[in-house]
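K.L.:
First, the structure itself, so that you have it in front of you.
The values are calculated or read from the model by the stated rules, or taken from the named source; none is laboratory data. The structure displayed is predicted, hence computed values, not measured ones. No Cβ is skipped: glycine too gets one built from the backbone with ideal geometry, and neighbour counts run over all protein chains shown. Just so you know, the surface numbers come from the protein's heavy atoms only, side chains and all, with ligands and any DNA or RNA stripped out. Shrake-Rupley method; radii C 1.70, N 1.55, O 1.52, S 1.80 Å.
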Amino acid sequence: MKWLERILEWGGRKRDVVFLAVSGAALAASMAHFRFFGLDPAWAAILLCGLPILLEAVIGLVTAFDIKADVLVSIALVASVLIGEDFAAGEVAFIMQLGALLEDVTVARARAGIERLVHLTPRTARRLKGETETVIPAEQVNAGDVLRVLPGETIPVDGVILAGQTSVDQSVMTGESLPVDKGAGDEVSSGTVNQFGAFDMKAVKVGEDSSIQRMIRLVQSADAGKAKIVGIADRWATWIVVTALTAAVLTWLVSGQFIRAVTILVVFCPCALVLATPTAIMAAIGNASRHGCLVREGDALERLASVSVVTFDKTGTLTHGTLEVTAVESLEAEWTREELFALLAGAESRSEHPVGRAVVRGWERERIAGEREGQNGNEESRASVFRPEAFQMVPGRGVSACIRGREILAGNAALMEERQILFPEEGKRRAETYRKQGCTVIYIAVDGKGTGLAALSDTLRADAPETVYEIREAGAEPVLLTGDHESAASHIAGKLGLTKVYAGCLPEDKLNYIETSQQAGNPVCMVGDGINDAPALRKAHVGIAMGGIGSDIAVDAADIALINDNIRELPHLLLLARRMMVTIKCNMAFSMTLNGIAIVLAATGVLNPVVGALVHNAGSVLVILNSARLLSWSGKEPWKKAENNG
């Protein structure tokens, strides 16, 4: 049967469009009673549109005894021809193929937002060996290779910049509209575009491990056919075929009119029912992709529609996952806040510790902001002046540095105790207040005297409070599951208005909470980013991972990935899933109702095969068009409370 399959595959969508155009013209000629050498032009539609349907039915029956819609349509076609209703046969074939083409276009539009990632895969790379530069296929790049990327080129693999300054368009991976400045030590991702300067980089993640390939794997796994409700529709379609044949035979025996039996076969085809679910799922997946959400399975959206609890990890999910300087306080009148901050940044400038790098990054950001506002200040207050003449890391404690003849200590309370440095009581109280808020506190001493302190914390995402509020408004309960200590968790929960908080959670604790909740009849959606979240993401009714900063393991364990880490899209995703289920149910109800009415009219002789074909296939087209509305659905329309609760 391979030769039949090759015939069906020939030409693809272009072939279908040509066949439909010719068939439509032939049917129009048939309606005008034109005849070519005594032959009804409708035969062109029967052959061009009907033959592929007949071949699909034969292949399905012979290879897998698969009784589906095309079997019933084929029987209706043959029966119409036998009773001389050539136009009805051509019309059935034409509208069936038109419906199939509309479905194909709908699905193609739905997948366009995510399939474009495949075309962004870099083809070549410039590998450097000594002074020699060689252009090689991107798949031949190995981890550790040194590559050169010129302006306008797509970055071939994930890596770290070794030399050069540039700006990179990261919109495909992060959704950022403006290019991001990059320099030595910064990470770059495959699939992003180098905008301005050339740079050299070291390859870190290559081949299937690169960012763009990971996103492509997610795209390729987005299969609407995996949804449970699609299987239900398929099973119904099989029974409908059997029922239609029985009803047609009984009508023929009772009425004695074969044309009524043929009409029943025409109107009883379960095409709209079969199309109801996959078109809605794929349209919803397309909508989600345009909002930065890669849905791995249609089943994930079906399950998401029923969740009543949304659990969040804290670090990297509700927060940015990186330390930021939130406060610097001077405890001595001799030093202003700005001077103390500059000294601290100078002392930490040689530190490789994340806390030290966060301090330097915070000072540079503040200095640049001051320059933009025209407040350059005294040159003495600039961190670039305060370069340490001596520097020493104190493992587990902090750093020691000598700047312009002054001894600077910056570290934790244990370092200050070891060096017998005293701090005023007010300074101790302030430090304790910051610790209760979940901050990391750096004590600062100058020439053996407690001089000030700095507080660093993982900052809350600006859109996190509104996201949590809208999830609650959508009818789901937000819950915080975090491995942080109680004070940090409570501080974040207070800012978000969360009433259910579970702190100090190990991976098994998150797993146990989700299992207990789901056993109580409350399906859980887990949102996380780290390796420790992977078990919970897999266990939850639906797992959503941060696709940008999240670990590979977390993304692989999840059902949906937020490729731009924008949690603001979570309420839209939740409502979209529920809207999708409403659309599917409406599609099914409409198709079943239309079929029921049409059968009664066909059995009583009100409908003939021509009108029956028109009514039935018009229903299929309406189902597809109704599903296609999900592509542009924005969620801004009013929602009733009952709908929000699924």
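K.L.:
Rounded to whole Hz and in sequence order, give me ³J(HN,Hα) for the stretch 481-496 from the Karplus expression 6.51 cos²θ - 1.76 cosθ + 1.60, θ = phi - 60°, writing x for Gly and Pro.
P.N.:
10, 9, x, 5, 6, 4, 5, 5, 5, 5, 5, 5, 4, x, 5, 9
K.L.:
Still on this structure, I have one more. Taking the dipole about the Cα centre of the stretch 554-627, with the C-beta of Lys and Arg at +1 and of Asp and Glu at -1, give me whichever of N626, T604, P571 is farthest to the positive side.
P.N.:
The listed residue farthest towards the positive side: T604.
K.L.:
Provide, for q = 0.12, 0.16 Å⁻¹, the log10 of I(q)/I(0) from a solvent-free Debye sum over equal Cα point scatterers in the stretch 301-376.
P.N.:
-0.51, -0.71
K.L.:
Taking 0.36 nm per intervening residue step and subtracting the Cα-Cα distance, what contour gain separates T604 from Q392 on full extension? Don't jump to the answer; show the numbers that get you there.
P.N.:
Details: separation 212, 0.36 × 212 = 76.32 nm, distance 9.60 nm.
Contour length minus Cα-Cα distance gives 66.7 nm.
K.L.:
Separate question: Can you work out the Karplus-derived ³J(HN,Hα) for every residue in the stretch 354-370? Use 6.51 cos²θ - 1.76 cosθ + 1.60 with θ = phi - 60°, whole Hz, and x for glycine or proline.
P.N.:
x, 5, x, 5, 5, 5, 5, 4, x, 5, 4, 5, 5, 5, 5, 4, x
K.L.:
Moving on to the next point. Given the Cα-Cα distance of E432 and D447 and 0.36 nm per residue of separation, how much length would full extension add, in nm?
P.N.:
Details: separation 15, 0.36 × 15 = 5.40 nm, distance 2.37 nm.
Extra length from E432 to D447 when fully extended: 3.0 nm.
K.L.:
Given H placed on each backbone N at 1.01 Å, which residues far from A327 in sequence or on other chains put an amide H within less than 5 Å of it?
P.N.:
A455
K.L.:
Let me ask another. So what are the ³J(HN,Hα) numbers for the stretch 198-207, from phi and the Karplus equation (6.51, -1.76, 1.60; θ = phi - 60°), rounded to whole Hz, Gly and Pro as x?
P.N.:
Values per residue, Gly and Pro as x: 7, 8, 9, 9, 9, 5, 10, 10, 10, x Hz.
K.L.:
In terms of modelled amide H atoms, which long-range or inter-chain residues lie less than 5 Å from the amide H of G321?
P.N.:
The list, which skips near neighbours in sequence, is G316, T459.
K.L.:
For D565, enumerate residues with amide H under 5 Å from its amide H, sequence gap 5+ or separate chain, H modeled in the peptide plane.
P.N.:
Distant-sequence amide H within range of D565: G547, G548.
K.L.:
Sticking with this structure for a sec: Can you give me the relative contact order of the stretch 417-535 as a percent, contacts being Cα pairs under 8 Å and 6 or more apart? Write out the running numbers ahead of the final one.
P.N.:
Values: 119 pairs, mean separation 21.5, N = 119.
So the answer I get is 18 percent.
K.L.:
Please give the per residue accessible area of the stretch 252-308, computed with a probe of 1.4 Å over protein heavy atoms only, in Å².
P.N.:
Values: 1470 Å² over 57 residues.
Normalised by residue count, the accessible surface of the stretch 252-308 is 26 Å².
K.L.:
State which entries of K205/K510; K428/K500; K314/K436; K495/K539; K510/K539 exceed 21 angstrom in Cα-Cα distance in the structure shown. Working shown, then result.
P.N.:
Values: K205/K510 30 Å; K428/K500 31 Å; K314/K436 16 Å; K495/K539 28 Å; K510/K539 10 Å.
From the list (K205/K510; K428/K500; K314/K436; K495/K539; K510/K539), the Cα-Cα distance tops 21 Å for K205/K510; K428/K500; K495/K539.
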